[in-house]
Amino acid sequence: MRIIQTSDTPRTMEDLLPPALAARLDRLDVLSRKVFAGKLPGERRSKRRGQSVEFDDYREYTPGDDLRHIDWNVFARLDRFFVKLFREDEDLVVHLVLDDSPSMHGGAFRNAEIDAPSKAAYARRLAMALGYIGLVNQNRVVIERFGRGRTRRLTPMRGRGQLDRLTAFLLEDPEPLEGGARPEPFADAMRRVVRTKSGTGVLVVLSDFLFPEGVDAGLRYLSAAGIEGFDVSCMQILAPGELDPELEIDTGIRGDIRLTDIETGRASEVTISPALIEQYRARLRRHIDGIAETCKARGMRHMLLDTGVPVDRVILDSLRRRRIVG
């Protein structure tokens with residue numbers, strides 16, 4: 001994996017979220033298959049009955065009911081006690097989890113047709129867009145990063161007034177891995193995410209899912225969040241050169257080369273050949289398909305995202321078609 005320093009690394013709120021895109025996002029909301037099953041897009045009422053001002057139904061009085069909720073007009077007509085039931089406002093949580101491991105900071109690619117940022121920059125722009133949608137719709141937004149020495153997490157936010165906090169968090173430089181430290185294992189990070197979550201809503205993981213130890217254990221932890229009321233989406237972010245290694249060959253990477261794994265530091269001598277490229281493609285396809293199948297079997301969504309595709313198209317097209325926003 002090559003690390004290319006590019007001028008498009010986000011440095012301001014406008015870099016993360018251009019004003020023109022923000023204006024279009026104002027019309028969207030985050031959707032959840034679990035919290036609002038059977039509801040119209042954008043509705044903010046749960047199936048729970050509570051104490052809000054929106055009337056929902058009647059039921060017969062039973063001892064212990066709050067006498068203040070008896071409908072005396074109905075009693076006057078029917079000579080029977082009925083209490084009013086109300087819809088309770090649902091507090092939707094938008095929980096964003098960003099992979100900040102070293103491999104995410106590679107992948108920047110440019111040629112005549114493609115202008116792709118690093119995977120980390122792409123993930124931050126996507127997180128900013130989703131966080132913006134959540135905040136302007138008064139949802140509770142939680143965001144955290146993993147993959148370095150420790151998990152960084154912002155306390156829950158709500159409302160447009162929190163956009164500066166969200167922006168500052170996403171513009172922070174990654175913490176260096178010092179003294180030969182290894183990135184935090186994916187399973188450990190997801191176990192902590194699931195243990196510290198609260199409420200119900202959507203949980204979105206933005207990662208390349210390229211971990212030396214594999215992803216199965218981490219995905220099992222995420223599925224537990226799904227069981228507990230979260231609609232989980234795993235958005236796998238890969239660079240154009242990872243999806244199509246022929247692009248890297250076109251830039252001069254060919255023949256006998258030495259590759260160093262950015263996550264583990266291990267090096268290998270390889271010869272770039274058509275056979276090796278086909279072997280790589282087959283293994284990558286198995287890896288992607290395996291994650292997709294695991295997510296489907298456990299009730300989670302999986303999306304493969306190419307950093308060569310602009311974030312605005314992903315939000316306004318792909319995520320709308322998948323009913324993640326609408």
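Using 0.36 nm per residue, how much length does the chain from Asp26 to Ser198 gain when fully extended, once their Cα-Cα distance is taken away?
Values: separation 172, 0.36 × 172 = 61.92 nm, distance 2.58 nm.
Here the answer is 59.3 nm.
The order of Lys84, Lys119, going from fewest to most other C-beta atoms within 10 Å of their C-beta, is Lys84, Lys119.
If R0 is 45 Å, what FRET efficiency do you get for Arg152 and Lys84 from their C-beta distance, rounded to 0.05? It would help to have the intermediate numbers written out before the result.
On the way: r = 46 Å, r/R0 = 1.02.
That pair, Arg152 with Lys84, gives E of 0.45.
Annotation: the residues Cys234, Cys295, sorted from fewest to most other C-beta atoms within 10 Å of their own C-beta, follow the order Cys295, Cys234.
Between Arg165 and Asp115, take the C-beta separation as r, use R0 = 25 Å, and let me know the FRET efficiency to the nearest 0.05.
After rounding, the FRET efficiency stands at 0.25.
Here the calculated FRET efficiency for Glu278 and Ile227, from their Cβ-Cβ distance with R0 = 56 Å, stands at 0.90, rounded to the nearest 0.05.
Modelled spin labels at Glu175 and Arg298, positioned 7 Å past Cα toward Cβ, are 2.5 nm from each other.
Throughout, read-outs are computed from the coordinates displayed, never taken from laboratory work. No experiment lies behind these values; they were computed from the predicted model shown. All Cβ positions, even for glycine, are placed from backbone atoms using ideal geometry, and neighbour counts span all protein chains on display.
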